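Nothing in this text is a laboratory measurement; each read-out follows from the coordinates by a stated rule. As the structure is a computational prediction, the values presented were derived from the model and not from experiment. Ideal geometry is used to build each Cβ from the backbone, glycine not excepted, and the neighbour counts take in all protein chains shown.
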Amino acid sequence: MITALANVFIWILQRVALWAESALALAKLVVMGGVALAQGGVAAFFLKPQTQRWVFALLRGVWPNISISKVVMKAYDNTGTALVTRREDCLEVLNRNEDFEVVYGARMKKLTAGENFFLGMQPGWDYTRDTSAMHLAARMTDVADIVVPRATLLAQRAVAQSQGQIDIVPSLTLEIPWDMTDRYFGTGAKRAQMQEWTTTLFTYLFLDLVADPDLDARAMQQAAELRSYLDGAIAARKANPSEAADVLNRCLALQSAQTPGMSDLGIRNNMLGLLIGAVPTISKASCLALDELLDRPAALAGAQQAARQGDDELLAQYIWEALRFNPFNPVIYRRATCDTQVAASTLRRIKLRKGQMVFAANFSACFDRFEVKSPNDFRTDRPWEDYIIWGYGMHTCFGAAINKAVIPVLLKPLLAQKNLRRAAGAAGQIDTGTSSFPQHFHLEFDP
């Protein structure tokens, strides 16, 4: 009886805290939104991570799951739109692979001129075949044995050569993942070319909600260029074999062993998919994490102390927590394969139609007070399970282990410097140019 009463009391306190959080978020949105409206910057206001946190906080307390008939996503066929904001519901959507499918396959086939890549596949033989083969080619042990030592060397060298003034995007956050595609993947084109290809194609696959025809044309052209390049790289490696311990060589070894899916075309398509996810992902996540730390003096000081003392685990915790507040991808979308529902047997239950696009707000899920302790506090003692940084479930990013290892290594020598700060003016802010990805981010430190 006492336990039951205690549970009821806790339930009431949780709801009161949730509603109070929602009310505070609404007040902030009204006040700050009014300021933005007066200054003519409403669009920029709603693109800020802090604003999005307020919106999600409001929704979690007032309208946690939304289903409407309006089609918001234009790039992929769908019958309407839904948004889920509570952590339990987000994970439900991302776990129910038979009911909520990934949609990238249609555009992935356009990029490869025919075949899908496993990121766009539903569970089945093709998915199992390709992921299994690529796990043999890109081994988990490679991260510590090959990828991290090289990234460490390049990051230390770039910071040492900068003499206290550095544009981290070309020097660090793009340079190191590009080098990985060259040295470890075995398929690196010229740096600028590979960076342009992968950034355009990533945007086309995952970020083009409006089906921009200009982006479509550019993506088709660059996909053809990347296919041609990879076909040539595979042919050249077969004509002139090497002993390099890279992913391309291992794919060709699997081909020699008649491994299913490892034809020249299969290798090319898998490499194309890996390349699209490698360069822009690492670069943007690194910049966002550092941007958030620079806005939090106490957190920045803690991260710098961890970097100087060689406490790599603590340093990584600062970075993941920064990305919780300033995420690479605030939502993950799936499409309903049948008429179904989410959050059944709860007051927030929503019915979904077949073909409806469902946006699982992983950004919101990471601030759900019912499952995340002290969600609005910046803490470095959170379990990894609290984060949804690289997706979730079957379609977690294939390179998640590389990202998790490389980003702290990439930022560590920079964070170890004295008086790390933004450059003056606009140069000290992330400059995305005409894309959705960082192009420049100037920082300074005392050499």
task = Taking only segment 163-178 into account, find how many residues are surrounded by fewer than 23 Cβ atoms within 10 Å (Cβ to Cβ) and either in contact with a Leu (Cβ under 6 Å, 6 or more places away or on another chain) or touching a residue at least 60 places away in the same chain (Cβ under 8 Å) (or both).
result = 6
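Which of the following residues is surrounded by fewer than 15 Cβ atoms within 10 Å (Cβ to Cβ), assigned to a helix (DSSP H, G or I) and not hydroxyl-bearing (Ser, Thr, Tyr): ASP216, ASP231? It would help to see each step written out before you state the result.
Values: ASP216 fails: surrounded by fewer than 15 Cβ atoms within 10 Å (Cβ to Cβ).
None of the other options fit; the residue is ASP231.
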ask   = Scanning for something in a loop (DSSP other than H, G, I, E, B) and either among the polar types (S, T, N, Q) or under 24 Å from the mean Cα position of the chain (by Cα) (or both), does segment 400-416 turn up at least one residue?
value = no
inquiry  = I need every pair where a residue in segment 356-376 that is within 23 Å of ARG335 (Cα to Cα) has its Cβ under 6 Å from the Cβ of a residue that is among the small types (Gly, Ala, Ser), sequence separation at least 6 or different chains.
reply    = GLN356/GLY80; GLN356/ALA82; GLN356/ALA336; VAL358/ALA82
query = For segment 283-371, list the helices (runs of 4 or more DSSP H) that sit wholly inside it and hold at least 3 residues that are among the aliphatic types (A, V, I, L, M) and surrounded by 24 or more Cβ atoms within 10 Å (Cβ to Cβ); which are they?
reply = 312-325
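Table: residues versus (1) closer than 24 Å to ASN376 by Cβ; (2) touching a Ser or Thr at 6+ places or on another chain (Cβ under 7 Å); (3) free of Cβ contacts under 8 Å to residues at least 40 places away in the same chain; (4) not polar (S, T, N, Q).
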| site | (1), (2), (3), (4) |
| --- | --- |
| ALA36 | yes, no, yes, yes |
| ARG60 | yes, yes, no, yes |
| TRP63 | yes, no, yes, yes |
| LYS74 | no, no, no, yes |
| THR79 | no, no, no, no |
| ALA82 | no, yes, no, yes |
| LEU91 | yes, no, no, yes |
| VAL102 | no, no, no, yes |
request  = Can you tell me which residue within segment 21-54, out of those that are β-branched (Val, Ile, Thr) and closer than 19 Å to ASP295 by Cβ, is surrounded by the fewest Cβ atoms within 10 Å (Cβ to Cβ)?
outcome  = VAL35
Those residues of segment 115-154 which are assigned to a loop (DSSP other than H, G, I, E, B), without any contact (Cβ under 8 Å) to a residue 60 or more places away in the chain and of a type in the set (Gly, Ala, Ser), in sequence order = GLY124
remark   = The lone condition SER286 fails out of (1) of a type outside the set (A, V, I, L, M); (2) touching a Leu at 6+ places or on another chain (Cβ under 6 Å); (3) farther than 18 Å from VAL409 by Cα is (3)
